[in-house]
Amino acid sequence: MSDEAPRPIRTRPRWPWIVAGVVVVIVLLVLILALTGGFTGAQNAARSTGTPSPRTTATSSANKKPTGCLGGKERDAAMVLAAQKAAPHTSSGAVEFAAALVRWTFRSPVAAPVEADEVSRFAIASDASGAFKNLAAQIEGTPNPSGGMVPDGKPWYLSTVPGVWNLESYAGNTATVTIGSAYVVDGALSPTLRASSTFTLKWENGGWHLLSGEYRRTTQELFSIGTPFTGGC
């Protein structure tokens, strides 16, 4: 009973009215719970047996942190293509594809012209800068892309196992990513030799494509600010 209700003439104590009002409320509450199955829980149990609604979890593939090994452990055109197909239209997907490009591009012996032509056909953006339109010519002209870090003739490649990444910018359909990696020379992971490469990517035709590349950060700077890959290869 609310305070705003008309007050009866106070010819007797008020407490019996208050107690009666409380009892009425309790009785009504009991009836409501009984009718809706509140005591037995049967209604809730019946609902739980239905088909559960789909949920989005934090571990969905689109939200996973970059592994640095998307596409597999090989360093060939098939790996780059697999990474491109698997990389989602997210910043993490851009990082994964950039890491795949680093693992494929920087090695010695370098990719054969036929393989470089194949990668050019599916991995280069339609409006890429001129130097990247012909990967075969660029790779053939740089037989040792280590820049002297590894002597000519020694086999080597870059690994993302101890690697890091830094998202320089992301605008939905374009992304600039810097990848930090380590040299593997003669099959042994170098404890000191590191590399830093920055790629700008574009999303088109359902996948990430290379737009341009540069050396933006020193390895010391990158490894001090970069985020480690969750796996690497």
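Before moving on, here are some points about what is shown:
- When the range 140-161 is filtered for residues that are hydrophobic (A, V, I, L, M, F, W, C) and either closer than 16 Å to V80 by Cα or in contact with a Cys (Cβ under 8 Å, 6 or more places away or on another chain) (or both), the ones remaining, listed by number, are L158, V161.
- Among the residues listed as E74, E115, E96, the single one being at negative phi, free of Cβ contacts under 8 Å to residues at least 40 places away in the same chain, of a type in the set (D, E, K, R) and part of a loop (DSSP other than H, G, I, E, B): E74
- Any hit, the range 146-157, residues being assigned by TED's automatic domain parsing to the domain that holds F106, under 22 Å from E74 (Cα atoms), in contact with a Phe, Trp or Tyr (Cβ under 9 Å, 6 or more places away or on another chain) and part of a loop (DSSP other than H, G, I, E, B): yes
- As a summary of the residue check, E115 satisfies the conditions (1) in contact with a His (Cβ under 6 Å, 6 or more places away or on another chain); (2) closer than 14 Å to R75 by Cβ except for the one numbered (1).
- Residues satisfying the stated conditions in the range 164-205, i.e. touching a residue at least 12 places away in the same chain (Cβ under 8 Å), of a type in the set (A, V, I, L, M, F, W, C) and closer than 19 Å to A87 by Cα: V164, W165, L167, A175, V177, I179, F199, L201, W203
- Residue match in the range 160-174 (condition: among the aromatic types (F, W, Y), modelled with pLDDT of 95 or more and closer than 15 Å to W104 by Cα): no
- Residues being of a type in the set (A, V, I, L, M) and within 16 Å of Q84 (Cα to Cα) - total across the range 104-124: 4
The values are calculated or read from the model by the stated rules, or taken from the named source; none is laboratory data. All of these numbers come straight from a predicted model, not from anything done at the bench. Don't worry about glycine lacking a Cβ; one is built from the backbone with ideal geometry, like all the others, and counts go over all protein chains shown.
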